[in-house]
Amino acid sequence: MRVKQKVDLDRWARKPHFEFFSKFDEPYYGVCVRVDCTAAYAKAKREGCSFFLYYLYQSIAAANTVKAFRLRIEDEDVVLYDKIDGGSTAPRDNGTFGFAYYPFTDDMQAFMAESSQELQRVRETTGLERRKVTNLIRYSVLPWIDFTSLSHARRFTAGDSCPWITFGKMTETDGRRSMPMSVHVHHALVDGVDVGAYIDAFQRLMNEE
């Protein structure tokens with residue numbers, strides 16, 4: 001069970017920014033960057049694990065180190081979660097997809113095992129099951145596209161405040177592997193410095209050998 005605490009807006013330095021951006025029709029903004037995954041890909045293959053689940057784990061781990069990525073808007077309150085999890089699209093054999101949910105744990109091997117079971121479960125279902133939780137990052141994967149920009153289908157009345165992270169096609173140039181990544185965040189909660197901190201933290205974890 002995740003623990004959350006309400007942020008005291010009157011004592012929060014970002015209160016003016018929250019009030020300003022939360023009134024926008026489209027409060028989300030996004031950036032696209034390239035992530036070097038040479039070491040991460042080699043490590044995943046060496047250990048015989050799914051590369052997707054490996055970099056997904058590292059992405060969630062990196063996001064948990066950035067306080068702004070653990071903030072959410074619930075009703076009219078801002079809350080801070082102690083931990084956030086992940087949710088992603090999961091492809092099915094019939095060409096459709098479902099939504100998988102990945103509780104985060106500091107134990108990578110346990111995460112891998114539980115997430116593999118979750119992917120298999122979703123592949124064997126139909127429809128679009130969605131969990132009514134906000135303490136997650138919404139992931140998508142486009143392994144067919146080496147994109148340089150990206151936008152999301154959004155229902156503005158839904159009141160979402162979760163970060164959206166998308167990974168693209170991995171390519172190789174001069175012996176180095178990389179893939180595009182887009183990060184979309186709610187500006188009432190997350191500033192550019194926070195996105196930069198997440199990207200740097202994620203790249204450091206991807207560089208581990």
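The values are calculated or read from the model by the stated rules, or taken from the named source; none is laboratory data. Predicted model only: the values in this text are computed from it and were never measured. Cβ coordinates were reconstructed from backbone atoms using ideal geometry, including for glycine residues, and neighbour counts include every protein chain displayed.
Take the residues in the range 141-153 that are over 18 Å from Thr171 (Cβ atoms) and touching a residue at least 12 places away in the same chain (Cβ under 8 Å), then tell me which one is surrounded by the most Cβ atoms within 10 Å (Cβ to Cβ). Among those that are over 18 Å from Thr171 (Cβ atoms) and touching a residue at least 12 places away in the same chain (Cβ under 8 Å), it is His152. Listed by position, the strands (runs of 3 or more DSSP E) inside the range 126-209 whose residues that are among the small types (Gly, Ala, Ser), in contact with a Ser or Thr (Cβ under 7 Å, 6 or more places away or on another chain) and closer than 24 Å to Tyr54 by Cβ number at least 1 are 136-141, 176-186. Sub-9 Å Cβ pairs linking a first residue in the range 65-89 that is on the phi < 0 side of the Ramachandran plot and among the acidic types (Asp, Glu) to a second residue that is part of a strand (DSSP E or B) and buried (at least 16 other Cβ atoms within 10 Å of the Cβ), at least 6 apart or interchain, are Glu74/Lys4; Asp82/Lys4; Asp85/Tyr101; Asp85/Tyr102; Asp85/Leu136; Asp85/Ile137, ordered by first then second residue. Among the residues making up the range 90-112, a single one is in a loop (DSSP other than H, G, I, E, B), closer than 28 Å to Lys43 by Cβ and more than 17 Å from the chain's Cα centre (by Cα): Asp107.
Scanning the range 193-209 for residues that are without any contact (Cβ under 8 Å) to a residue 12 or more places away in the chain and farther than 16 Å from Leu56 by Cα gives Val193, Gly196. Inclusion of Ser161 among residues that are among the polar types (S, T, N, Q), under 24 Å from Cys32 (Cα atoms), within 16 Å of the chain's Cα centre (by Cα) and surrounded by 12 or more Cβ atoms within 10 Å (Cβ to Cβ) is warranted. Counting only residues that are surrounded by 14 or more Cβ atoms within 10 Å (Cβ to Cβ) and either among the basic types (Lys, Arg) or within 30 Å of Arg155 (Cβ to Cβ) (or both), the range 171-200 holds 20 of them.
Across the range 12-44, the qualifying residues are those that are hydrophobic (A, V, I, L, M, F, W, C) and more than 25 Å from Ser149 (Cβ to Cβ), and the one among them that is surrounded by the fewest Cβ atoms within 10 Å (Cβ to Cβ) is Ala13.
Among the residues of the range 58-74, is any part of a helix (DSSP H, G or I) and of a type in the set (Ser, Thr, Tyr)? Yes, that holds for at least one residue.
Out of all the residues in the range 116-129, is one or more under 16 Å from the mean Cα position of the chain (by Cα) and at pLDDT 95 or above? Checked against the condition, which is being under 16 Å from the mean Cα position of the chain (by Cα) and at pLDDT 95 or above, the range 116-129 yields no hits at all. Condition first: at pLDDT 95 or above, among the charged types (D, E, K, R) and within 30 Å of Glu19 (Cβ to Cβ). Can you find one or more residues in the range 168-179 that meet it? No, there is no match, as no residue in the range 168-179 is at pLDDT 95 or above, among the charged types (D, E, K, R) and within 30 Å of Glu19 (Cβ to Cβ).
Taking the condition of a type outside the set (Val, Ile, Thr) and either part of a loop (DSSP other than H, G, I, E, B) or farther than 21 Å from Ala197 by Cα (or both), does Ala13 pass? Considered against the rule, which asks whether it is of a type outside the set (Val, Ile, Thr) and either part of a loop (DSSP other than H, G, I, E, B) or farther than 21 Å from Ala197 by Cα (or both), Ala13 comes out as yes.
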